[in-house]
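The values are calculated or read from the model by the stated rules, or taken from the named source; none is laboratory data. Note that this is a predicted model, so its numbers are computed, not measured. Reconstructed Cβ throughout: ideal geometry from the backbone, glycine too, with neighbour counts over all protein chains shown.
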Amino acid sequence: MAADMHQNLEILYTRQQIAERVAEMGAQITRDLNGEKLVMVGVLKGAAPFLADLARAVNVDATFDFVATSSYGCGQRSSGAVKLIKDLDEPVEGKNVLVVEDILDTGLTLNYISKLVMAHQPRSLSIAALLDKPSRRKMPIQARYIGFTIPDAYVVGYGLDYAERYRNLPDVCVIENPETN
Ligand code: 5GP
């Protein structure tokens, strides 16, 4: 699905810009791991395309796991409380864990997931977020690996949705008046 099919979408990062940045992030993660193994924990559903690309950009012995959360309430923004929908499948005790998330906004979701993973006593825990909106932060969460720092706009594409739509856009786009499209 192409962004130009929708009048209310404006491309923020093209698929090529994303691919270049993800390759750089993968190289950095590879360097930092120094030959150690990695468990990549994707946050469903939005991080699926990012995890798929990032996993192929790291040159390490990696396995995948997934968690899913939802925020109580509905609409575009987190309401505050985070609910666990799907836990880790495998214990991560003593392992290097990289939580892979589409966007870091208030930090509530990653704060919750970090605590969940830390309870398993991993060897290390880091976060990779494709996008970061630091101006919206409510929790002091920082990602070690950030793709792009963006202003406070609602974005869709490359896994990110509006009411479950637009996840399959290859570009990251700002959406305006989503109800009209
Ligand atoms: P946080 O808990 O950090 O506020 O938000 C994390 C989640 O909120 C993300 O995983 C994503 O599902 C959603 N979110 C926050 N900002 C945006 C945005 O601009 N676009 C979309 N599609 N989802 C967002």
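Descriptive notes on the structure:
- Among the residues of region 105-127, the ones that are among the hydroxyl-bearing types (Ser, Thr, Tyr) and closer than 18 Å to Ile150 by Cβ come to 2 in all.
- The set of residues in region 134-165 being in contact with a helix residue (DSSP H, G or I) (Cβ under 9 Å, 6 or more places away or on another chain) and of a type in the set (Ser, Thr, Tyr) consists of Tyr145, Thr149, Tyr154, Tyr158, Tyr162.
- For Gly73, the conditions (1) at pLDDT 95 or above; (2) outside any strand (DSSP E or B) are fulfilled apart from (1).
- Taking (1) within 8 Å of the ligand (Cβ to nearest atom); (2) surrounded by fewer than 18 Cβ atoms within 10 Å (Cβ to Cβ); (3) not β-branched (Val, Ile, Thr) in turn, Asp105 satisfies each apart from (2).
- Among the candidates Lys115, Lys95, residue that is more than 23 Å from Ala3 (Cα to Cα), within 15 Å of the ligand (Cβ to nearest atom) and at pLDDT 95 or above: Lys115
- From the list Gln7, Gln28, the one residue that fits, being surrounded by fewer than 16 Cβ atoms within 10 Å (Cβ to Cβ), in contact (Cβ under 8 Å) with a residue 60 or more places away in the chain, farther than 23 Å from Val174 by Cα and out of contact with any Leu (no Cβ under 6 Å at 6 or more places or on another chain), is Gln28.
- Answer residue from region 133-180, given it is assigned to a loop (DSSP other than H, G, I, E, B), within 11 Å of the ligand (Cβ to nearest atom) and free of Cβ contacts under 8 Å to residues at least 24 places away in the same chain and is surrounded by the fewest Cβ atoms within 10 Å (Cβ to Cβ) among those: Glu164
- Checked against the criterion of being of a type in the set (S, T, N, Q), in contact with an Asp or Glu (Cβ under 7 Å, 6 or more places away or on another chain) and farther than 21 Å from Lys86 by Cα, the candidates Ser135, Ser124 yield just one match: Ser135.
- Subset of region 126-161 [among the acidic types (Asp, Glu) and over 10 Å from the mean Cα position of the chain (by Cα)]: Asp152, Asp161
- Asp89 vs. criteria under 25 Å from Val58 (Cα atoms), of a type in the set (D, E, K, R), touching a residue at least 12 places away in the same chain (Cβ under 8 Å) and not in a loop (DSSP other than H, G, I, E, B): no
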